[in-house]
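Since the structure comes first, as structure tokens, the remarks are kept for the end.
The values are calculated or read from the model by the stated rules, or taken from the named source; none is laboratory data. Small disclaimer: the values here were computed from a predicted structure and weren't measured. Positions of Cβ are generated from backbone atoms using ideal geometry, with glycine treated the same way; all protein chains shown enter the neighbour counts. Protein only, heavy atoms only, side chains kept; ligands, DNA and RNA dropped before computing areas. Shrake-Rupley method; radii C 1.70, N 1.55, O 1.52, S 1.80 Å.
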Amino acid sequence: MENYKSITREDFMKFFRDDEKLNELTPDDRIEIFRTILLGCSDFSNQLFDEILSDYCVDNLEVIEINKNGKH
């Protein structure tokens, strides 16, 4: 096994932006990355979800933002 800890941020981003290399990932690989790459709850926002849904042309889902007091 190669020493994965020697991959730099630049190497990772170069891989990530290379469509040919990215296409080597399986659908399960992509789901795993998608589900784990964000740091935490502060990364999630209505705007982010709206942009993702738009980027993937998902028109049958809607994100509703609820305030802490339970109102929309």
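Sites listed here are trypsin sites (Lys or Arg not before Pro) in segment 9-42 whose DSSP assignment is loop and whose Cβ has at most 11 other Cβ atoms within 10 Å: Arg17.
Accessible surface area normalised per residue over the chain is 101 Å², counting heavy atoms of protein chains with a 1.4 Å rolling probe. Across the chain, the longest run free of exposed loop sites, meaning GluC sites (Glu not before Pro) lying outside DSSP classes H, G, I, E and B with no more than 16 other Cβ atoms within 10 Å, spans 25-61. P(r) tail, the chain: Cα-Cα pairs separated by more than 22 Å, 42% of all pairs.
Can you give the calculated 222 nm mean residue ellipticity of the chain, where each DSSP H run of n ≥ 4 adds -39,500 (n - 2.57) and the sum is split over every residue, rounded to the nearest 500 deg cm²/dmol?
Numbers: 4 runs with 32 residues, N = 72.
Computed ellipticity for the chain at 222 nm equals -12000 deg cm²/dmol.
Just subtract the alpha-carbon distance of Thr36 and Leu22 from 0.36 nm times their residue separation and send over the number in nm, one decimal. Let's see the in-between values first.
On the way: separation 14, 0.36 × 14 = 5.04 nm, distance 1.68 nm.
Net length gain for the segment: 3.4 nm.
The accessible surface of the chain, taken with every protein chain in place and a 1.4 Å probe, is 54 percent carbon and sulfur.
Only Lys, Arg, Asp and Glu count, each charged at its Cβ (+1, +1, -1, -1), so figure out the dipole size of the chain about its Cα centre, rounded to 20 debye. Can you show the working numbers first?
Numbers: 9 positive and 17 negative charges, 88 e Å.
For this selection, approximately 420 debye.
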